[in-house]
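Each value in this text was obtained by applying a stated rule to the coordinates, not by laboratory testing. Remember, predicted model here, so these are calculated numbers, not experimental data. Note that each Cβ is placed from the backbone with ideal geometry, even for glycine, and that neighbours are counted across all protein chains shown.
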Amino acid sequence: MRMTTQAAIAVCSEAAERGLVVARIEGGIWHNPGFEARIDCIWDSAEYPPKVDAINTNNLAAANFIHAQERDYDVFIVTTIPMIN
């Protein structure tokens with residue numbers, strides 16, 4: 001699902017509470033009616049999957065990546081995976 005910057009940040013912020021780890025962020029530009037994916041706007045989790053005690057840090061890093069990209073890109077795809085205990 002393509003999301004606005006603020007929606008993608010909210011997903012990253014709430015993911016751990018819902019038992020999810022942010023695995024990948026892909027950014028792009030919305031051209032009504034299409035999404036232009038950008039190869040220079042991809043974030044991958046540093047550790048896949050992260051250890052349970054690092055999930056909040058991982059998801060915060062994903063949100064910070066989106067925030068840092070919002071000047072150039074306005075649509076994001078967030079890929080999550082279930083937490084592994």
### Query
Going by how many other Cβ atoms sit within 10 Å of their own, how do W30, W43 line up, fewest first?
W30, W43
### Task
Rounded to the nearest 10 degrees, what's the angle between the helix 5-15 long axis and the longest principal axis of the chain, both from Cα atoms, 0 to 90?
10 degrees
## Note on the structure
Rounded to the nearest 10 degrees, the helix 55-69 long axis (Cα) sits at an angle to the longest Cα principal axis of the chain of 20 degrees
### Task
Take D40, project a point 7 Å from its Cα along the Cβ direction, then tell me which residues of segment 54-80 have their backbone nitrogen under 12 Å from it.
72-73
### Message
Place a point 7 Å from the Cα of E70 along the Cα-to-Cβ direction; which residues of segment 1-20 have their backbone N under 18 Å from it?
### Response
2-15
### Task
For the chain, calculate the relative contact order in percent as a whole number, restricting contacts to Cα pairs under 8 Å that are 6 or more residues apart.
50 percent
### Task
Given the peptides 67-73, 4-10, arrange them by the average over their residues of other C-beta atoms within 10 Å, most packed first.
4-10, 67-73
